[in-house]
1. Taking the conditions exactly as written (basic (Lys, Arg) and surrounded by fewer than 22 Cβ atoms within 10 Å (Cβ to Cβ)), does residue 153 satisfy them or not?
2. (1) polar (S, T, N, Q); (2) modelled with pLDDT under 95; (3) under 30 Å from residue 195 (Cβ atoms): which one isn't true of residue 14, the others all being true?
3. With the requirement that a residue be among the hydrophobic types (A, V, I, L, M, F, W, C) and either crowded, with 21+ Cβ neighbours inside 10 Å or closer than 13 Å to residue 298 by Cβ (or both), what does the range 195-214 give you?
4. Being surrounded by 14 or more Cβ atoms within 10 Å (Cβ to Cβ) and among the hydroxyl-bearing types (Ser, Thr, Tyr) is the filter; apply it to the range 262-316 and report the residue that is nearest to residue 246 (Cα to Cα).
5. Of all the helices (runs of 4 or more DSSP H) wholly in the range 1-94, which have at least 2 residues that are more than 17 Å from the chain's Cα centre (by Cα)?
6. Quick one: count up the residues across the range 247-282 that are in a strand (DSSP E or B) and either assigned by TED's automatic domain parsing to the domain that holds residue 133 or hydrophobic (A, V, I, L, M, F, W, C) (or both).
7. Got a sec? Which of 73, 67, 45 is more than 27 Å from residue 205 (Cα to Cα), in contact (Cβ under 8 Å) with a residue 12 or more places away in the chain and surrounded by 19 or more Cβ atoms within 10 Å (Cβ to Cβ)?
8. Can you pull out every residue in the range 183-209 that is part of a loop (DSSP other than H, G, I, E, B), in contact (Cβ under 8 Å) with a residue 60 or more places away in the chain and small (Gly, Ala, Ser)?
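The values are calculated or read from the model by the stated rules, or taken from the named source; none is laboratory data. From a predicted model like this one, the values you see are computed outputs, not experimental measurements. Methodologically, a virtual Cβ is constructed for each residue, glycine included, from the backbone with ideal geometry; neighbour enumeration extends over all protein chains shown.
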Amino acid sequence: MSKKQIEVTGKKDTRSGFGEGLLELGKKNESVVALCADLTGSLKMNAFQDNFPDRFFQIGIAEANMMGIAAGMTIGGKIPFTGTFANFSTGRVYDQIRQSIAYSGKNVKICASHAGVTLGEDGATHQILEDIGMMKMLPNMTVIVPADFNQTKAATMAIADHEGPVYLRFGRPSVPIFTPADKPFVIGKADVIFEGADVTIIACGHLVWKAIEAAQALEEKGIDAEVINMHTIKPLDEDAILKSVRKTGCVVTAEEHMINGGLGDAVAQVLARHMPSPQEYVGVNDTFGESGTPDALMEKYQIDTKDVIAAAERVLKRK
């Protein structure tokens, strides 16, 4: 009987987890305010707007202004959650985030939907694949990439209690829900989904489910894979990485992001300093995206289940 079993309770987009988490926060904490750059429906912020109209601010297509307003609100004790697409949450407003939020450690929660190629048909101009790298390089910034609806909801609520700027990245497509609804979200503490002895697979965001599928397929081939949901990219759970790779001797990293600068780079730095080990990367390799269905794009850019399996088989040969 397979040891790589996991309970799936449905399928839903992670942006809806953000919307539900934000609504719950609104009920519990009157300091929480929300700002949106003309994408209220896409960010699932409607319920917060309907229930707390005096704490919701529609800024319009003026993302740089939104970041400046959010930074100013923190001075009065508010906890602002900004909402727009990941591309407009980072690439369009990097200067404002760097100067007005990160530099002074302002308590702004930058919430970014439609990240990666699974944005789909909107194409390369909207499919940012560099945002994790951009954000994790900023001093004072915490970077979180949850894996499913439940974890995104829990992460949204957890970051309100964290003092300082946070980048929360989630997405558009529906993905299996496998995280327990009552599981607390601990910033900086990785979740080990499957234990294994042969190869470590460390993933974040939508690629966690692909890693789970890969581990199940590898088990059928007699390969025992350990799967780690590295939902927090910064601060990184270095102990979890080292403990796992010390056991398995090799690692695959998987992310819906550019290979340059993302989760894989962060893991590689830890291993280079403490435990040099064979590593293979599953990620977009130094290219922009394009218009297409999410599934077709994940296949084309080699960030699908079969690519995680192939990376695990390659890295095992390097042990």
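1. no
2. It is condition (2) that residue 14 fails.
3. Within the range 195-214, 199, 201, 202, 203, 204, 207, 208, 209, 211, 212, 214 meet the criteria.
4. The extreme case among them is 277.
5. 14-28, 46-51, 63-75
6. Total satisfying the criteria: 5.
7. 73
8. 205
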